[in-house]
Amino acid sequence: DGPAGSGKSTIAKALANDYKILYLDTGAMYRACALKALEKKIDITNETEVEELIRALSLEVKYENGTQKTIVDGADVSDAIRAPEISMAASTVSRYPFVRLKMAEKQREIASDMSCVLDGRDIGTFVLPTADFKFFLTASPEVRAERRKRELESKGYTVDFEQLKEEIVRRDQQDMNRAIAPLKQAEDAILIDTSAMTIEEVLQAIKKKIQEKIRCPKPMKR
């Protein structure tokens, strides 16, 4: 779990790859909902309109050659959901209880079938509260904005750093203050500030904690 730009998706993918298990990008599911709403010109601030749209939405998560594909109403939207304007829209639609419950249900269904790594904002607190290993990644807004800027520019988008940083802070506030399953660190999650860490350093820190827990399991209750 963690806010936008904290490195959770990058780390989750790397962990899943190293452990040879499934990676599930839960954020892609909310982005898909937002994309469809914008395409249909739905007022995303109108909860009733969004709920009606999502009720009829066909959303599938498929895996091809180890890569997650997000399919909406039969169309692969894996690239389209990464457009800059989708981020805030996804944060908005994800505030609605119906949307979160529907997406969480699908995420639990996938996680119940196999070992996997999930990343999001409420995995440890709401989606999978009994997960074996929980981590909460964070970083300063400046670092997160710079990371996001590099990511978008690598995909051909032109972005303004200050505007991006402002949007990230605004999204943090929106995600932390939503009524259902807000962004927050689970009580039993390990906090890692990735601001001054490399990807490999974060990976090693998480793997170390996992190994420590495996070697020292909690005593069984009698």
> Over the C-alpha atoms of region 1-98, what are the Rg and the largest Cα-to-Cα span, Dmax, in Å?
Replying inline: 14.0, 42
>> If you scale each eigenvalue of the Cα gyration tensor by 5 and take the root, what three semi-axes come out for region 119-222, rounded to whole angstrom and sorted largest first?
In response: 31, 19, 10
>> Using the Kirkwood formula on the Cα atoms of region 53-101, what hydrodynamic radius do you get, in angstrom to one decimal?
In response: 12.1
>> Just to verify a number: FRET efficiency for Asp79 and Asp193, C-beta to C-beta distance, R0 = 35 Å, to 0.05?
In response: 0.70
> Given N residues in region 154-193, what is Rg(Cα) / (2.2 N^0.38 Å)?
Replying inline: 1.58
>> Can you tell me which lysines have their Cα less than 19 Å from the Cα of Lys209? Leave out same-chain residues fewer than eight positions away.
In response: Lys8, Lys13, Lys20, Lys134, Lys218
> Roughly what angle does helix 161-176 make with the longest principal axis of the chain, taking Cα atoms, 0 to 90 degrees, to the nearest 10?
Replying inline: 70
>> Just to be sure I follow: if Rg is taken over the C-alpha atoms of region 81-170 and Rh is the Kirkwood radius over the same atoms, what is Rg/Rh?
In response: 1.02
>> Keeping all protein chains in the complex and leaving out DNA, RNA and ligands, what accessible area do you get for Phe98 with a 1.4 Å probe, in Å² to the nearest 10?
In response: 50
> Using Cα atoms only, what is the angle between the long axis of helix 84-93 and the major principal axis of the chain, expressed in degrees (0 to 90) to the nearest 10?
Replying inline: 80
>> Can you compute the modelled spin-label distance between Asp160 and Ser58, with each label point 7 Å from Cα toward Cβ, in nm?
In response: 4.1
> For Thr67 and Glu146 in one chain, what is 0.36 nm times their gap in residues minus the Cα-Cα distance, to one decimal in nm?
Replying inline: 25.9 nm
>> Quick check: the angle from helix 8-19's long axis to the longest principal axis of the chain, C-alpha only, nearest 10 degrees?
In response: 50
>> Principal axis extents for the chain, Cα atoms only, whole Å, descending order, please.
In response: 53, 40, 37
> Which percent of the accessible area of region 16-97 is formed by carbon and sulfur heavy atoms (probe 1.4 angstrom)?
Replying inline: 45
> Non-local amide H neighbours of Tyr23 (under 5 Å, H modeled in plane, Pro and chain starts lacking H): which ones?
Replying inline: Val117
> Using alpha carbon centroids, what distance separates region 122-157 and region 1-41, in Å?
Replying inline: 9
>> If you average the alpha carbon positions of region 159-194 and of region 68-113, how far apart do those two centres end up, in angstrom?
In response: 17
> Computed FRET efficiency, Cβ-Cβ of Lys209 and Ser112, R0 30 Å: what is it to the nearest 0.05?
Replying inline: 0.80
> Length gain on complete extension for the stretch Met176 to Lys20, per 0.36 nm per residue less the alpha carbon to alpha carbon distance?
Replying inline: 52.9 nm
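The values are calculated or read from the model by the stated rules, or taken from the named source; none is laboratory data. What you see is a predicted model, and the numbers here were worked out from it, not measured in a lab. Ideal geometry is used to build each Cβ from the backbone, glycine not excepted, and the neighbour counts take in all protein chains shown. All accessible areas refer to the heavy atoms of the entire protein, side chains included, with ligands and DNA or RNA removed. Shrake-Rupley method; radii C 1.70, N 1.55, O 1.52, S 1.80 Å.
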